[in-house]
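The values are calculated or read from the model by the stated rules, or taken from the named source; none is laboratory data. Since we're looking at a predicted model, the values are computed, not measured. Cβ placement follows ideal geometry from the backbone for every residue including glycine, while neighbour counts extend to all protein chains displayed. Protein only, heavy atoms only, side chains kept; ligands, DNA and RNA dropped before computing areas. Shrake-Rupley method; radii C 1.70, N 1.55, O 1.52, S 1.80 Å.
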Amino acid sequence: RLQTRLRTSRSWAREKLDEHRGRRLIRPMPPHRPALAASRGASNDFLHQGYLWYRQSRSMIRRKLKPVVLKEYSKRSWFDPETGRPLTSRDAAGRFVNPWNSESTNGMHNLIDLAKWRWQRMLLHGSNREVPRKLHPSKTNHTSIRFDPDATPSQELQLTWLGHSTCWVELAGYRILTDPMFSMRAAPVQWTTGVLRVVPPVCRVRDLPNVVDVCLISHDHYDHLDRLSCIALRPKVKTWCVPLGIKDWLIQNCGIAPEKIIELKWWESQQLTMKKASQSTGDASSWMKSLGGTSTSSLTVTCTPTQHWSTRWPWDRNKRLWCSWVVASPQQTFYFGGDTGYPASGFPLFRQIGDALGPFDLAALPIGAYAPRFFMKDSHVHPSEAVKIHQELQSKQSIAIHHGSFPLSDEPLDEPPKVLKQAAADAGLKSDEFVSMPMGGTIQATMPPSSMTELTHPSTKWRRSVTG
């Protein structure tokens, strides 16, 4: 009897589906539903609408709750049970991990892949350092800049790209510096080892204003955390915002006072509140760090996840956390991507960041050091993947960083902007929605990127470089 009722119920469901498709088929209603059969004409529209609502709701739920299958080792405690967001996590050895790809994205490569990359670089690509010489400032219109120390920081969001991942950001009267790298080598020792910088930064530390309110550091790789740059910035920076593990490094290697350093893990926030409008004096008493309250002169800094890894020596791999940063004022929001790969597992990392903290008025996203893909895909994004990140973050405008300075991989230094332009066009973005600008260029988030210029920064004095 139960099987008969199921068959008749399925027949009734098929009839409703056929009616929805426009094919009117005459079939008897299920005998166990005389009420429906009697009131078929009166309730047909109501049932039809309810049936459509059910299908639509089920489809929406499946899209939102589409499961992600993680093929690598993972723990439930590595994810938030309510939102599914990845949390700051460690493995059994105490090393930080990317919870969605804990094994393949730990920065380790086998000897076969390493030998394959070096062989290809030697035979197929030749010396990569000779390719981008046309970008050298002695052969191009590379511009050096000098900041005006007496200028008042802008209240509106604007960004000046100083080279690689170093950006000068002004927001709500705050001066913000990201991943300070002003040295000529990404190496522990400047005069011998490491990667030589092909295009120098557009300014030196002494050219910056006397006060840097916030310095953001994404991770500890040499091209993002430079010891000599941090030492030179020590008297200028009021607050350092770093992920877990880097605070001790700054104290021990750069002599920075512990009270100046804010150390956060993923999804943690710190609010900074400015008590006085004047900042040019550099008076530390005019600043107060607070965990509560909001005002028009407040700034909230949030540490957010990213797919990367960390190391400065072979024995400290993943002992320090990596991250991206979200800086929000009551009016505008800025996202700094630092350095990241794109999750190959399909994990919606950047969509989660965009849903939780977006949309963003401006984002600085990496696009370089992606070749060869079999070696770099877990650590660095291809420009086409950067376009996906731009869309998933819900960013109104994005600027390309992490390219054009260091020959970290096999692609020529002038290739990423070209590939980005084509990838943005293929994705249907506006021509000025995600762009690369020259080093020293400035963009203001309140105006379209097409009006970018190297001569409109309100807090800088520009000059041409007369030296190579």
query: Rounded to the nearest 0.05, what FRET efficiency is calculated for residue 355 and residue 251 with R0 set to 35 Å and r the Cβ-Cβ distance?
result: 0.45
field: region 394-448 - accessible surface per residue (Å², probe 1.4 Å)
entry: 38 Å²
query: Given 0.36 nm per residue, what is the gain on full extension from residue 90 to residue 269 after removing their alpha carbon distance, in nm?
result: 62.4 nm
query: Once you sort the root eigenvalues of the Cα gyration tensor of region 140-265 as a ≥ b ≥ c, which label holds: rounded (a/c under 1.5), prolate (a/b larger than b/c) or oblate (the other case)?
result: oblate
- prompt: With all protein chains present, how much of the accessible area of region 394-434 (probe radius 1.4 Å) comes from carbon and sulfur, to the nearest whole percent?
  reply: 50 percent
Accessible-area composition of region 182-241, carbon plus sulfur, in percent [1.4 Å probe]: 59 percent
- line: 1/(1 + (r/R0)^6) with r = Cβ-Cβ of residue 104 and residue 191, R0 = 35 Å, i.e. FRET efficiency to nearest 0.05, evaluates to 0.50
task: Would you kindly state how much longer the chain becomes between residue 234 and residue 83 on full extension, computed as 0.36 nm times their sequence separation minus their alpha carbon distance, in nm to one decimal?
output: 50.5 nm
field: Segment residue 73-residue 206, length gained on full extension (0.36 nm per residue, minus Cα span)
entry: 43.2 nm
